[in-house]
1. Considering every residue within region 162-184, establish whether at least one is at pLDDT 95 or above, away from the ligand (no atom under 16 Å from the Cβ), closer than 16 Å to residue 265 by Cα and outside the structural domain of residue 11 (by TED's automatic domain parsing).
2. Any residue at all in region 252-265 that's within 26 Å of residue 388 (Cβ to Cβ), within 24 Å of the chain's Cα centre (by Cα) and of a type in the set (S, T, N, Q)?
3. Would you be able to tell me the number of residues in region 228-248 that are under 27 Å from residue 381 (Cβ atoms) and assigned to a loop (DSSP other than H, G, I, E, B)?
4. Specify which of the listed residues (198, 205, 248) is small (Gly, Ala, Ser) and surrounded by fewer than 13 Cβ atoms within 10 Å (Cβ to Cβ).
5. Going residue by residue through region 51-60, is there one that turns out to be in contact (Cβ under 8 Å) with a residue 60 or more places away in the chain and touching a His at 6+ places or on another chain (Cβ under 8 Å)?
6. Keeping to region 123-146, report how many residues are more than 16 Å from the ligand (Cβ to nearest atom) and assigned to a loop (DSSP other than H, G, I, E, B).
7. Is it fair to say residue 143 is closer than 20 Å to residue 348 by Cβ, in contact (Cβ under 8 Å) with a residue 12 or more places away in the chain and under 14 Å from the mean Cα position of the chain (by Cα)?
8. Report, ordered by the first and then the second residue, all pairs with beta carbons closer than 9 Å, sequence separation of six or more or different chains, a first member in region 109-123 that is assigned by TED's automatic domain parsing to the domain that holds residue 161 and on the phi < 0 side of the Ramachandran plot, and a second member that is more than 12 Å from the ligand (Cβ to nearest atom) and at pLDDT below 95.
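The values are calculated or read from the model by the stated rules, or taken from the named source; none is laboratory data. Worth saying up front: this structure is predicted, and the values here are computed from it rather than measured. With ideal geometry, Cβ positions are generated from the backbone for all residues, glycine too; neighbour counts draw on all protein chains shown.
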Amino acid sequence: MYLTREEERIYDGEYGWAKQVCMRILAKLGDLFGAEKLIPIDSAHASGVSYKTLGEAPIDFLRALADSGGKVEVETTSNPQGFDPEYLAKRLPEGLMRGQLEIIRILERMGLKPSFTCTPYYLKDLKAGAHVAWAESSAVVYANSVLDARTNREGGPSALAAAIIGKTPDYGMHRAENRMPNILVELEQEPRRDIEFGALGIFLGKILKDRIPLITGLGEPASECLKQLGAALASTGMVNMFHYRKYGVSTEGIVEKLKVEQRTIEATVAELTTADGQKPNLIFLGCPHCSLSEIKHIADLIGHRKVREDLELWVCTSRHIKEKAREYVRRIEGSGAKVIVDTCAVVTWTQELGIETIMTNSAKTAHYAPTMNKAKVILAPLEECLKTALLE
Ligand code: F3S
């Protein structure tokens, strides 16, 4: 990959170890994937923030970067961490909190925003065509498919390296020729509810691997349904983008077709429920983190009802959306539910919180919770989740 004179100086260490190591990561990636040059990015989004998923080993590397002056050059948001300061901090073991707070301190020293959300696109408008370096697979698919921004699926280190250099190698999803659909997916029936969008994503992710589908038959989906679809697609496959509007997309040269029958979607929904008669002790909404309109919708559906005493109801979102949604939050929390920020049921320590069975409307959570949380899962539509959580 070609480096400018200035980039070469960074590569050779003239601007310190932190920048040098980041430039070397980017150069290696660029060479590996055949990029010709680095391109500037508008923003970065870092993953590997939760102590639960990151673990102890990479903390020394992050600390070394910060100690040698590593600072982000572009606006850099951060993925969810392990706890909600208001509701979960006091319920979790001290050792876990210590590890998590250490990671947060290091990231803040490097200039990352303490946004702790998987939906950074709700924090500010992302322009169509903008080049960004985002980790967090659900946000990557949403940015490419719904917002028409351009990002590869970065890992934690490459997103951080791009943030510190302010550039990313020009390959993959950054290039127009790689963003065309290469398989046509026809749905027998429009998905009718949240869990069907998620189940479609889980099913397609396994089959498509890293191909880019043009999905026909989705109807006029709300952006939140596309968020569910994309999050699930990225959970079981390496899909970084899907197309869902026929206009403006060339179907020329697509030879592969896949028909998805409704019974396949229903079977996928059924497979994602692993609980076998167990009652949920957590109802978890907000994977990926809720938008403002989802928070409003949940507040409206809850109405004046109260949460049952034998379970918890969590509605997960970002600090940013919680702040904007104060009135709805007041109504939701009036029921006994908690509007949780900075984390989610998957990346916090649910076992330590005594949670064994999780009911959710998110196919992504249903896919991960059995392994990440050692929990039984019930996948059910939003309305059914609330019906289970609330007293009549
Ligand atoms: Fe976000 Fe947690 Fe789901 S990080 S995408 S709410 S698993």
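1. No: region 162-184 contains no residue that is at pLDDT 95 or above, away from the ligand (no atom under 16 Å from the Cβ), closer than 16 Å to residue 265 by Cα and outside the structural domain of residue 11 (by TED's automatic domain parsing).
2. Within region 252-265, not a single residue is within 26 Å of residue 388 (Cβ to Cβ), within 24 Å of the chain's Cα centre (by Cα) and of a type in the set (S, T, N, Q).
3. Going through region 228-248 one residue at a time, the tally reaches 6.
4. Every option except 248 fails the conditions.
5. Checking region 51-60: not a single residue is in contact (Cβ under 8 Å) with a residue 60 or more places away in the chain and touching a His at 6+ places or on another chain (Cβ under 8 Å).
6. Looking only at that region, the number is 8.
7. Judged against the criteria, residue 143 is not a match.
8. What qualifies is 120/126.
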